[in-house]
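No lab work stands behind these numbers, since they all come straight from the coordinates. Since this is a predicted model, take the numbers as computed values, not measurements. Quick reminder, even Gly has a Cβ in these numbers, built from the backbone with ideal geometry, and neighbours come from all protein chains shown.
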Amino acid sequence: MLKTNNCIDLSNLTLGKSIILAGWVANRRDHGNLIFLDLRDQSGIAQVVIDADINEELHKMAKSIRNEWEIQISGIIRERPEGSENPPKFPTGYVEVITHDLTILNESITPPFEINDDITVDESIRLKYRYLDLRRIRMSNILALRHNVVKFIREFLNKRNFLEIETLFL
């Protein structure tokens with residue numbers, strides 16, 4: 001089962017569409033029969049809902065999930081109930097995914113800092129745990145911008161018959 005979409009794609013997809021997402025759990029909120037997971041991938045965050053009335057076994061599994069565990073879910077896109085929309089914080093804030101299947105891909109110990117752009121973390125800690133820092137949306141956006149700039153420059157020079165040469169270090 002491979003993922004079919006990125007989290008950011010939710011707002012552009014048809015309600016009722018079946019999708020598969022994979023990513024890290026950014027936040028888990030337990031409201032009794034409903035568990036909400038903020039699922040984060042390289043593109044953004046999507047809200048995932050696990051309803052005990054739909055699947056009790058899945059709900060029990062979701063109770064054990066912690067932040068930064070890597071999971072894969074399949075479900076159906078639906079509109080969030082009125083009053084629970086969150087578009088200022090997330091571009092996908094008008095929709096959520098009702099989960100029908102959940103797979104825990106990898107469990108994680110608690111990271112040394114919260115993977116969140118709103119949190120200020122000492123730079124030495126961020127550099128020590130660079131692989132975690134790169135999961136933050138801000139850092140992902142910076143890498144994507146750098147990629148696009150380098151790609152543009154390469155295409156520009158390539159169209160003008162420039163030859164890219166990488167010299168060896170002796």
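Kirkwood hydrodynamic radius of the chain from all distinct Cα pairs, in Å? Mind dumping the intermediate values first?
Numbers: mean 1/r = 0.0555 Å⁻¹.
After inverting the pairwise mean of 1/r, the radius is 18.0 Å.
Please give the peptides 119-125, 33-39, 10-16 ranked by average Cβ packing (other Cβ atoms within 10 Å per residue), highest first, as a rough proxy for protection.
Descending mean neighbour count gives 33-39, 10-16, 119-125.
For Lys17, go through the aspartates and glutamates and keep the ones whose alpha-carbon is under 17 Å away, minus same-chain ones fewer than eight residues off.
Straight-line reach from Lys17, under 17 Å: Asp9, Glu79, Glu96, Asp101.
Helix 137-159 sits at what angle to the longest principal axis of the chain, using alpha carbons and giving 0 to 90 degrees rounded to 10?
Long axis of 137-159 versus the principal axis of the chain: about 40 degrees.
With the chain treated as a Gaussian network of Cα nodes joined by springs under 10 Å, which of Arg78, Arg40, Arg29 yields the largest mean-square fluctuation?
Looking only at Arg78, Arg40, Arg29, the biggest GNM fluctuation is shown by Arg29.
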